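K.L.:
Got a structure for you, questions after.
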Amino acid sequence: MSAGEVTEAQVLAALRAIKDPISGRDVVQSGMISGLAVKGGLVSFAVEVDPRQGAKMEPLRKACEQAIDALAGVLSVSVVLTAHKGGQAQPGHAHDHDHDHGHDHDHDHHHGHDHGHGHAQQPAPAQARGRAPQGPPKAGAIPGIGAIVAVASGKGGVGKSTTAVNLALALAGLGLKVGLMDADIYGPSIPRMLGIDGQPETTEGQKLRPMRNYGIACMSMGFLVPEDTPMIWRGPMVMSAIEQLLREVEWGDLDVLVVDLPPGTGDAQLTMAQRVPLTGAVIVSTPQDIALLDVKKGVNMFRKVDVPVLGIIENMSYYLCPKCGDRADIFGHGGAKDMAGKFGTEFLGEIPLHIAIRETSDAGQPIVVSQPTSPHAEAYRKVAVRLREKIAAQLGETQRRAPRIVIQ
């Protein structure tokens, strides 16, 4: 840690001066502080309160924010107010970082605010009420963005983020204005894959300006939190942060915004599908049976929340030996294409398993731009051409669809 940086102990000491108006004890002793992350002058945490108190506790959140903002060495502070069924955490559990999203929570979030001190502001989760699949309807379209396409996978480890990056760059290579949003809050990898570091600036309207490289706009929590800092946040906090990364960024005019979703089919994916006006989703899978089982879950999830599945991509579809050129179907082959046929959705194409794709991604020089004449880059471009057609068709269908009158 650099000299002058604020420490976790200093943050907790400052918070101990803030009293809970209900119990009379300080917020640390009361176990109200969770998800505390302190790194490089960036501080973020949640204040957990009884849901019956709701908005009445906003002054408490503000007091916590101001106390930390006043500390020397703090560059940015993000504080979110979170209400949980069953009341506050028990005393002595100020660091009770609960990852279990399966239990029944009733969440009530209030805006956190950042004070950048001339530095980029870290987006705090915006208001989010309800939990999937009973959340509120999707909000309206985002001005300037023609289409929003989610890249998803039923499980991790299938190369979803690598696919999202190269697909976004391939779409840009077709002449489209493209943005890429990294919605994987727990494991943001897009900054490294695009070779971007630093922090985004804010506009006069206090929106974040996206970072840029290779001709596309990009936003990720990885720009706002140090790479080695774990995001120990509950599901609704993650969803609120995702919404704010989407809606409080000055994206400008884009033909397509590609959103790299977290892997899986949990609360975060369902809630985003309901809250964000997605044009459609693309599902990435590998050919082996165990991955294809999760494709079924992904397709069914999006259909249940009325998000069109634009197609399926088979990643690591086959292996080409870099020395002899021989092909081997290490994980099997064609399973994703068969699955697309069974579900009546488009098979967008297959991407090979090759060391160059991994090496260029790790180096921040994706293969579509660093080796544009390679057969692997061509594979991504073919997928991008098909996806562009599917997006255009879906937008046309949306415009032709008659409005529905719903009586409740």
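K.L.:
Under 18 Å Cα to Cα from residue 296, which lysines show up? Leave out anything in the same chain fewer than 8 places away.
P.N.:
Cα-Cα hits under 18 Å: 155, 160, 304, 337, 342.
K.L.:
Output ³J(HN,Hα) for segment 179-192: one whole-Hz value per residue in order, computed from phi by the Karplus curve 6.51 cos²θ - 1.76 cosθ + 1.60 with θ = phi - 60°, and x for Gly and Pro.
P.N.:
x, 9, 10, 8, 8, 7, 4, 6, x, x, 10, 4, x, 5
K.L.:
Report ³J(HN,Hα) in whole Hz for each residue of segment 58-65, in order, from the Karplus equation J = 6.51 cos²θ - 1.76 cosθ + 1.60 where θ = phi - 60°; Gly and Pro get x.
P.N.:
My calculation for segment 58-65 gives 4, x, 5, 4, 5, 5, 5, 4 Hz in order.
K.L.:
Near the amide H of residue 153, under 5 Å away, which other amide H atoms are found, from residues 5 or more places off or on another chain, if H is placed in the peptide plane?
P.N.:
For residue 153, whose amide H was placed from the backbone, the distant partners under 5 Å are 264, 284.
K.L.:
Follow-up. Suppose the chain between residue 5 and residue 374 were pulled fully straight at 0.36 nm per residue; how much longer would it get relative to their current alpha carbon spacing?
P.N.:
Result: 128.3 nm gained on full extension.
K.L.:
How large is the convex hull of the Cα atoms of segment 16-79 per residue, expressed in Å³ as a whole number?
P.N.:
It comes to 76 Å³ per residue, whole-number rounded.
K.L.:
For segment 160-212, what is the accessible area per residue in Å² when the probe is 1.4 Å?
P.N.:
40 Å²
K.L.:
Inverting the mean 1/r over all pairs of different Cα atoms, compute the Kirkwood radius of segment 174-233 and quote it in Å.
P.N.:
Evaluated over segment 174-233, this radius sits at 12.3 Å.
K.L.:
Still on this structure, please answer the following. Taking amide hydrogens as modeled 1.01 Å from N in the peptide plane, which residues meet the under 5 Å criterion relative to residue 257, leaving out close sequence neighbours?
P.N.:
147, 148, 149, 179
K.L.:
Using mean Cβ contacts within 10 Å as the protection proxy, how do 69-77, 36-44, 338-346 order, highest first?
P.N.:
Ranking, from highest mean packing down: 36-44, 69-77, 338-346.
K.L.:
Using modelled backbone amide H atoms (1.01 Å from N, in-plane), which distant-in-sequence or interchain residues come within less than 5 Å of residue 20's amide H?
P.N.:
When sequence neighbours closer than 5 places are left aside, the close amide H contacts are 25, 26, 27.
The values are calculated or read from the model by the stated rules, or taken from the named source; none is laboratory data. It should be emphasised that the depicted structure is a prediction, and the values quoted were computed from it without experimental measurement. Cβ coordinates were reconstructed from backbone atoms using ideal geometry, including for glycine residues, and neighbour counts include every protein chain displayed. Areas reflect the complete protein model, heavy atoms only, side chains present, ligands, DNA and RNA absent. Shrake-Rupley method; radii C 1.70, N 1.55, O 1.52, S 1.80 Å.
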